[in-house]
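Scroll down for the structure; my scribbles are underneath it.
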Amino acid sequence: MTEPPNPPPIGQPAQQAALPGCWWHPARQTGLRCVRCDRPACPDCLREASVGYQCIDCVTSARQHHRAASSSYRRAGYGERTVAGALMPRRPVVVPLLIAVNVVVFVLTAFQARDAMNNYNSPVFAEGVLWPQAVVAFDEWWRLITSGFLHYGLLHLAMNMLALWVLGRDLEMLLGRVRFLAVYFVSMLGGGAAVFAFGAPETSTAGASGAIYGLMGAMLVAVLRLRLNPTTAIGIIVLNLILTVSIPNISLLGHLGGLAAGAVAMVAMVYAPEKNRAVYQAGTVAFVAAALIGLVVYRDGRIAEQLCAVYPALCGA
């Protein structure tokens, strides 16, 4: 039998080979390595992966590569799609933008009127509110849309913007940005057209309520399409309609018009066949918008006759 030339003292273990230092902390010895690049790393510099542990550089590099690949994949038209055929957005963008536009318009009207609660006394409000007689007499057709961004006082604005945030986020994630905008604006047009066609010509209205009710109708259709329990959605719509009827100075026509237009547009969004889906969706939205415009044009002729009878000078008589 042979012995090493310098045997360790009795009771002391043999000296182990020195461990390598961590790549990022050389003073720290470690027996661990990254499974991807095989560099030595201390526990603080390792992250759990699907197989083993990877160093912080490899994890960061993999995330950057994944984001770049995902962006290219989505730009090419691929990715996870919803029942409406839309690419799943990462976060809502249109809804915060719409809220910001409404808030900016309100601040402008409040500044002009020097009173946040009586902002309807501002010139911008007077030029944008939906007043059927002004639309007919002066061809101010923009009022059908601009009225959807005006609000009577801070409470009116706050309630509508809260509803837009609650309803709009989920619908934008389901529909995507373009489809959501289509449903929103056709609902707004539906509310304005209903007020114009069936309301009193001398009465002025404003607010995003028509579009908000359109989103309620769209939410109900989406719930039915996804086979979820519709009780909550139906209850919210019924409760809001009861409040509309109970509280004075609220336009029931605008709410019903927006509700119907939004629901019809949403049916096309989530029930259109997969083949040529975009064509069916765009065609339905265009048809609804054309029908609403036709209703407005018909009503325009009737109101014009009434104005001519009362004010012949407007018609050149």
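The values are calculated or read from the model by the stated rules, or taken from the named source; none is laboratory data. Values in this document were obtained by computation on a predicted structure and should not be read as measured data. Glycine also receives a Cβ, built like all others from the backbone with ideal geometry; neighbour counts cover every protein chain displayed. These area figures cover heavy atoms from the full protein model, side chains too; ligands, DNA and RNA do not enter into them. Shrake-Rupley method; radii C 1.70, N 1.55, O 1.52, S 1.80 Å.
Things worth noting here:
- Looking across Phe138, Phe149, one residue alone is open to solvent by less than 40 Å² (accessible area, probe 1.4 Å) and among the aromatic types (Phe, Trp, Tyr). It is Phe149.
- Scanning region 241-271 for residues that are within 21 Å of the chain's Cα centre (by Cα) and over 19 Å from Gly192 (Cα atoms) yields a count of 5.
- Condition met for Val238 (surrounded by fewer than 24 Cβ atoms within 10 Å (Cβ to Cβ), within 20 Å of Leu175 (Cα to Cα) and over 16 Å from the mean Cα position of the chain (by Cα)): no
- The lone exception for Thr231 - which of (1) under 24 Å from Ala126 (Cα atoms); (2) open to solvent by 70 Å² or more (accessible area, probe 1.4 Å) it fails: (1)
- Single condition Tyr78 does not satisfy, out of (1) open to solvent by 50 Å² or more (accessible area, probe 1.4 Å); (2) of a type in the set (Phe, Trp, Tyr); (3) within 30 Å of Tyr280 (Cβ to Cβ); (4) modelled with pLDDT of 90 or more: (4)
- Single match in Leu155, Leu181 (criterion: of a type outside the set (Asp, Glu), surrounded by fewer than 19 Cβ atoms within 10 Å (Cβ to Cβ), out of contact with any strand residue (DSSP E or B) (no Cβ under 9 Å at 6 or more places or on another chain) and modelled with pLDDT of 95 or more): Leu181
- Considering residues of region 247-284 that are of a type in the set (Val, Ile, Thr) and surrounded by 14 or more Cβ atoms within 10 Å (Cβ to Cβ) only, the residue farthest from Leu174 (Cα to Cα): Ile250
- Scanning region 300-313 for residues that are assigned to a helix (DSSP H, G or I) and open to solvent by 40 Å² or more (accessible area, probe 1.4 Å) gives Arg302, Glu305, Gln306, Cys308, Ala309, Val310, Pro312, Ala313.
- Yes/no for Val104 being at pLDDT 95 or above, within 27 Å of Ala289 (Cβ to Cβ) and open to solvent by 50 Å² or more (accessible area, probe 1.4 Å): yes
- Sub-7 Å Cβ pairs linking a first residue in region 238-263 that is of a type in the set (S, T, N, Q) to a second residue that is open to solvent by 40 Å² or more (accessible area, probe 1.4 Å), at least 6 apart or interchain, are Thr244/Ile250; Thr244/Leu252, ordered by first then second residue.
- For Gln281, the requirement of being within 29 Å of Ala137 (Cα to Cα), polar (S, T, N, Q) and part of a helix (DSSP H, G or I) is not met.
- If the condition is being among the small types (Gly, Ala, Ser) and surrounded by fewer than 24 Cβ atoms within 10 Å (Cβ to Cβ), then region 184-201 contributes Ala197, Gly199, Ala200.
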